[in-house]
Amino acid sequence: MKQKLVVIGAGMASGRVLEHLLEVNKGAYDITLFNAEPRGNYNRIMLSPVLSGEKTYEDIVTHDADWYEENGVTCRFGEHVVEIDRERKVVVGQNGEVAYDKLLMATGSAPFIIPVPGKDLPGVIAYRDLDDTNTMIEATQKPGAKAVVIGGGLLGLEAAAGLKARGMDVTVLHLMGHLMERQLDEAAGYLLRRALEDKGIEVKCQASTAAILGEDKVEAVLLQDKTTIPADLVVMAVGIRPETRLANDASIEVERGITVDDAMRTSDPDVLAVGECVEHKGQLFGLVAPLYDQAKVVAATLLGDAATFAPKEVSTKLKVTGCDLFSAGDFAEGEGREDIVFRDPSRGVYKRLVIENNVIVGAVMYGDTADGNWFFGLIKDKTDISDMRDTLIFGPAFQGGEPLDPLQAVAALPDDAEICGCNGVCKSQIVEAVQGGATDLGAVRAQTKASASCGTCTGLVEQLMAVTLGDDFQMPTAQPVCGCTDLTHEDVRRLIKSQELKSQAAVWQELGWTTPNGCHVCRPAINYYLLADWPVEYKDDPQSRFVNERRHANIQKDGTYSVVPRMWGGMTTPDELRAIADAAEKYNVPTVHVTGGQRIDLLGVKGEDLPAIWKDLNDAGMVSGHAYAKGLRTVKTCVGKEHCRFGTQDSTGLGIKLEKKLWGSWSPHKVKLAVSGCPRNCAEATCKDIGVVCVDSGFQVGVAGAAGMDVKETERLMDCETEEETIEVATAFMQLYRENAKYLDRPYKWVAKVGLDWVKEQIVEDIENRKALVARFELSQSIYQKDPWAELAAPDEAPKFAPMANLTLEAAE
Amino acid sequence: MSWIDIGAIDDIPLRGARVVKTKLGCVAVFRTSETEVFATSDRCPHKNGPLSEGIVHGQKVTCPLHNWVFDLNTGEAQGADEGKIDTFPAKVEAGRILLDGTLLMNRAA
Ligand code: SRM
Ligand SMILES: Cc1cc2nc3c(=O)[nH]c(=O)nc-3n(C[C@H](O)[C@H](O)[C@H](O)COP(=O)(O)OP(=O)(O)OC[C@H]3O[C@@H](n4cnc5c(N)ncnc54)[C@H](O)[C@@H]3O)c2cc1C
Ligand code: SF4
Ligand code: FES
């Protein structure tokens, strides 16, 4: 007699099992197929094209009614299995029982719903089956409807793109820092985000959902940071869980999924399982490729043949038109692993290979995925790549040939090859200019405009000059920022502005960084440039700052810190001094020093104590003195005309006003000011970055002094008549410096490069520009002028200064 | 190995670090990407700089005191500098950071 096979779930995995089984032996089993969905098997992964309108449901059906009939499969679609009785070997469906000899569980997985208030409101759905897809399509019919997709992984993004394609307003909320973080690294995540934003999809990363709001249907999503986003539809695509309820109830062994052995048998040898509901050697599955391998093994086991399932590497692509990405293998870096990174900013291409013991173990690509499958093959076959390492990243087309010499490549370019994209300058124009006597870059720029805009072609232009002039041309040796890039600081600053690069990932990608995320040399500089140029859009990254600026205290050689409260203009009061004395005693501060900057330094404070000592000083009305900052330090003053018999103006008062205006601002290097009440100059104003010397007729503003490793007198920028004008000029100078100087150039070094005349043109002669500089400074201050002590001593921040765990206690047990 | 849960991955900022106190001294736990952590000794072999306060880049950290750079996989100092920090097994599972307790505790005893 024929054996009875019952299959629970008509999905992609069981569909394959049936095909293999029937192909080998049509007569082996009487088959009954249950499916909770009121339909047979269709290609679930193609729901996304159905959603976007590129395909219809009919296009994606894999097994239609005729197929089931021809193959004698008894279909019970639209019927849930509610119980498995293993004693009696029957499966209980909603409409009655069926007996089995062999049972196959193929129940797939259930979408994970985040347990927030409002999750059950109508209009909140998951993205799993045709019904969800139809609900989404229906929601798009309403004009002006808004959708929020929670989850920036594969499913969420396909849902978002589909809804957008049908005209909905779509916002994607993603908990992590970049999209698809399981498949993509940050650079690829950044490119993907940019492509989605270009489609008009709004993307919010690090967005944590607090609740879903609405009376009797969904109306909005509330985030943890209190933002609300209106929504007529909320799609939750935050992950899946193996559907194991039936197996659990039947006491079949379940870990995270139904556990199976290599032959796909569960703990009960007559019950097999396949697909997303299973767990094999601790591993779960969420993509179809391994399920198809499982299906082959299941068919063999059912037919009494030996077969073994061994999971292989998987690769991922995103089915969103215009977003070409590919990810395979394990690209999390690991012991002994190395990266090969390739970026082509002009084409928006990013490729990264992760190599271990001369074998590629992971690949991520964006923008140009043509070689994806070739790399995937190398990963799967564990091919030794040592011989092709240098050219590997360029793909199969480049293998076997000689590595290209860049100069030869430039020489080989056709005459009409475009070199400068911004200004449409081709090779022959540049060659002509060079032959006509333009022998340095400036001259070529002046004559042809090549490399005069964004500057990314500067290298190419120089190479062309080298080819044309031969030995007469000296390639300039501009200092690159660091080993991560060939660009100079000046190039990077210019490009951040001209290309409107507003995130670190954007800089790394668009400017072709050769490392995944920079190094300790470039990151602080890039972080500064971004926050100076885009104070509103860019968010400061403490992890890209040197410890002093991250901890808001100077680290000492023994790992303790120093604490310096601000004393505005060098003024203090008995109360402040008392509070400082109390703090010094309470926190056992070993050294109290009166600094060269007219204030008091408490040296030797333990890292854990910082928030507490700050709190005490805050309570006494004091804020951080930024004695650690590439930013405004002190404003020294003398006692001025209030007390001094020679004083001409209120130098102390002006100093305090300047400090109150400028404090908290970040700059390329530290900035120190002083205001002296007369030319006797007791506050040493003539060797400061900005120094004001008061005279009877007003205020002499000098800039670009130095008294550190170099000693240099200030140069007179302008004579001002009023305090207001003085403050305006000083502020404008600060902003001009902030916007233009190279990171770690003090003002005197920067002014030496650009010339005091240029500075005067910007600030003294062009009053409009002066005011615009002040306005931009004030915009930045609206965000950055805040006391870091108060922020970091707050109850939810302070604990971060302590160890995250203490294992010394447990060890004693 | 016995894995000890020392906290959530989000307790450490991306490209940041925190320390865990053990009997062998402070262990620095670095978060190099959304889902990747490393654990090493917190003391720089040069002059005891606290490595957990350094700038984390790729899978390396730069000591905050004099800029020695260490590979977090091998613990080796990079470039011309010579020295090595201890490395300890660490992993992330379901958003939690796990350190190898056997190593940390045994050495303590
Ligand atoms: C505390 C203080 C010495 C003191 O006890 O008086 C001091 C202490 C340090 N100075 Fe200074 N400087 C201090 C006034 C000065 C002055 C005098 C002044 O401000 O009038 C100068 C000369 C003026 C100038 O800025 O050029 C000065 C020129 C420097 C330099 C050389 C800068 C240059 O461009 O040449 C450095 C090194 C650097 O910044 O790269 C430096 C660096 C340092 C560092 C941050 C060294 C370091 O990286 O650890 C010291 C931190 C000690 C700490 O933990 O607090 N310090 N330093 C003074 C704090 C002033 C304040 O209240 O904020
Ligand atoms: C929109 C979308 C896009 C995707 N894109 C891709 C992609 O590009 N590439 C890729 O590799 N993978 C993709 N996937 C994942 C892929 O579809 C799944 O890995 C695959 O469908 C899992 O197959 P399965 O047979 O295990 O489960 P399913 O295909 O989910 O089938 C399980 C079936 O069991 C039924 N069932 C569950 N419980 C019971 C019960 N008690 N009684 C009766 N029936 C029950 C369910 O109704 C369901 O029909 C995508 C998934 C979705 C939703
Ligand atoms: S002069 Fe040198 S030793 Fe003295 S505080 Fe300044 S940096 Fe330190
Ligand atoms: S202590 Fe680490 S580099 Fe000096």
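The values are calculated or read from the model by the stated rules, or taken from the named source; none is laboratory data. Model, not experiment: these values are computed from the prediction. Every residue, glycine among them, receives a Cβ derived from its backbone with ideal geometry; neighbour counts consider all protein chains shown. SASA here: full protein model, heavy atoms, side chains in, ligands and nucleic acids out. Shrake-Rupley method; radii C 1.70, N 1.55, O 1.52, S 1.80 Å.
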Other-chain or far-sequence residues with amide H under 5 Å of A:LEU104's (modelled H): A:VAL6, A:VAL7, A:ILE8, A:LEU272
Placed amide H near A:LYS636: partners under 5 Å, 5+ positions off or other chain: A:LEU673, A:ALA674, A:VAL675
Quarter of Cα convex hull surface for the range A:510-585, i.e. mean projection, nm²: 8.3
Residue mean of other protein chain beta carbons inside 10 Å, B:31-37: 5
Compactness of the range A:226-363 as Cα Rg over 2.2 N^0.38 Å, two decimals: 1.40
Given charges at beta-carbon only (K, R positive; D, E negative), |dipole| of chain A in Debye: 1740
Packing-based order for B:18-28, A:752-762, A:239-249, A:207-217, using average beta carbon neighbours within 10 Å, highest first: B:18-28, A:239-249, A:207-217, A:752-762
Per-residue HN-Hα couplings for the range A:148-153 [Karplus 6.51, -1.76, 1.60; θ = phi - 60°; Hz; x = Gly/Pro]: 10, 9, 9, x, x, x
Förster radius 22 Å - calculated FRET efficiency between A:SER267 and A:ALA306 (Cβ-Cβ, nearest 0.05): 0.65
Alpha carbon centroid spacing (whole Å) that separates the range A:648-686 from the range A:363-395: 59
Column: log10 I(q)/I(0), Debye, Cα scatterers of the range A:489-544, q = 0.13, 0.14, 0.25 Å⁻¹: -0.25, -0.30, -1.02
Straight-distance crosslink candidates among lysines, where the alpha carbon sits under 16 Å from A:LYS636 and sequence neighbours closer than 8 are dropped: A:LYS657, A:LYS660, A:LYS661, A:LYS670, A:LYS672, A:LYS688
Debye, to nearest 20: dipole size of the range A:443-569, +1 on Lys, Arg Cβ, -1 on Asp, Glu Cβ: 520
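Quick one: compute the contact order of chain A, relative version, from alpha carbon pairs under 8 angstrom and 6+ residues apart, as a percent.
Computed over chain A, the figure is 7 percent.
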Cβ neighbours within 10 Å from other chains - mean over A:797-809: 6
Quarter of Cα convex hull surface for the range A:455-531, i.e. mean projection, nm²: 5.1
3J(HN,Hα) from dihedral phi, the range A:540-547, Karplus parametrisation 6.51/-1.76/1.60, rounded to Hz, x for glycine, proline: 3, 10, x, 6, 9, 10, 5, 3
Solvent-free Debye scattering, log10 I(q)/I(0), computed from the Cα coordinates of the protein assembly as shown at q = 0.04, 0.07 Å⁻¹: -0.25, -0.73
Peptide A:518-528 - average C-beta neighbours from other chains (10 Å radius): 3
Given charges at beta-carbon only (K, R positive; D, E negative), |dipole| of chain B in Debye: 280
Within the range A:153-186: backbone nitrogen closer than 11 Å to the A:GLU537 label point (7 Å, Cα to C-beta): none
In Hz, Karplus ³J(HN,Hα) per residue of the range A:356-364 (6.51, -1.76, 1.60; θ = phi - 60°; x = Gly, Pro): 9, 6, 6, 10, 6, 10, x, 8, 10
The range A:461-588: Rg to Rh, with Rh as the Kirkwood radius over Cα pairs: 1.20
Largest-first principal axis extents of the Cα set of chain B (Å): 37, 33, 18
Those lysines that a straight Cα-Cα span of less than 25 Å connects to A:LYS199, excepting residues fewer than 8 apart in one chain: A:LYS55, A:LYS142, A:LYS146, A:LYS164, A:LYS317, A:LYS319, A:LYS351, A:LYS497, A:LYS502, A:LYS539
Nonlocal amide H pairs with A:VAL203, under 5 Å, H built at 1.01 Å: A:VAL172
Accessible heavy-atom area order of A:SER386, A:SER782, highest first, probe of 1.4 Å: A:SER782, A:SER386
Measure of compaction for the range A:55-123 (Cα Rg per 2.2 N^0.38 Å): 1.56
Computed P(r) (all Cα pairs; the range A:632-786; 10 Å bins; percent): 12, 45, 35, 8, 0
Rg in Å to one decimal, and Dmax rounded to a whole Å, for the range A:721-761 via C-alpha atoms: 11.0, 33
Separation of alpha-carbon centers, the range A:2-25 and the range A:572-588, rounded to whole Å: 80
Distance cut-off 17 Å, percentage of C-alpha pairs in the range A:124-238 lying past it: 50
Residue-averaged 222 nm ellipticity for the protein assembly as shown, from DSSP H runs of 4+ at -39500 (n - 2.57), nearest 500: -8500 deg cm²/dmol
